[in-house]
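A short write-up of the structure that comes next.
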Amino acid sequence: MSDGGLTSGVDDADVGGAGGAPRSVDGTGRVRTDAAARGLAVEIVARPAADSLEAAAALLGLQSSDIVKSLVVKRHDGSFLFALVPGDRQISWAKLRAVVGVNKLSMPSADVALEVTGYERGTITPLGSSTAWPVVADSRIVGRRVALGAGAHGFSAFVDADDLVAGYDATVADISD
């Protein structure tokens, strides 16, 4: 399958979740479609399951900080945003609240995150989310090639973080500890 060089050649037919679930095919397809629309080069690669961040990084030939967690964050008004944080760090709630300009933020349940993004935890990415929520990226990802969720379990999406930030007009700030 040709996709203009945007992926590693992973075919939709190869993208099955449990029992070849259509959601998995839809997930990586949505990532590819959104990336193409934003002019982002994305490489989607299959990867074995890992039981820790360090194991996942080793399987991908990366440092833990090169894996970016795409976290869904709920605002007090019921809207959401994506916080992109290096894998070896955690959200600093105080820093993120200051950047967003609110007093209250929280992490929604897995069911709510699925409902508002179309992705299960462990696959979440702003790319192809069912709603284009604002993106706040930790400043530590800038200038790097990073891996993040690819919309389906067993896959990672590699992107240039600067291009990702530009493609989403993301806010870049120190939001992690």
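The values are calculated or read from the model by the stated rules, or taken from the named source; none is laboratory data. Only a predicted model underlies this, so the values are computations on that prediction, with no experimental measurement involved. Cβ coordinates were reconstructed from backbone atoms using ideal geometry, including for glycine residues, and neighbour counts include every protein chain displayed.
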**Message:** Take the residues in segment 36-61 that are among the charged types (D, E, K, R) and touching a Leu at 6+ places or on another chain (Cβ under 9 Å); name whichever of them is nearest to Asp162 (Cα to Cα).
**Reply:** Arg38
**Request:** Considering only residues that are out of contact with any helix residue (DSSP H, G or I) (no Cβ under 9 Å at 6 or more places or on another chain) and more than 12 Å from Val73 (Cα to Cα), look in segment 115-135 and name the one that is modelled with the lowest pLDDT.
**Result:** Gly122
**Asked** Among the residues of segment 162-169, is there at least one that is among the hydroxyl-bearing types (Ser, Thr, Tyr) and touching a residue at least 40 places away in the same chain (Cβ under 8 Å)?
**Response** yes
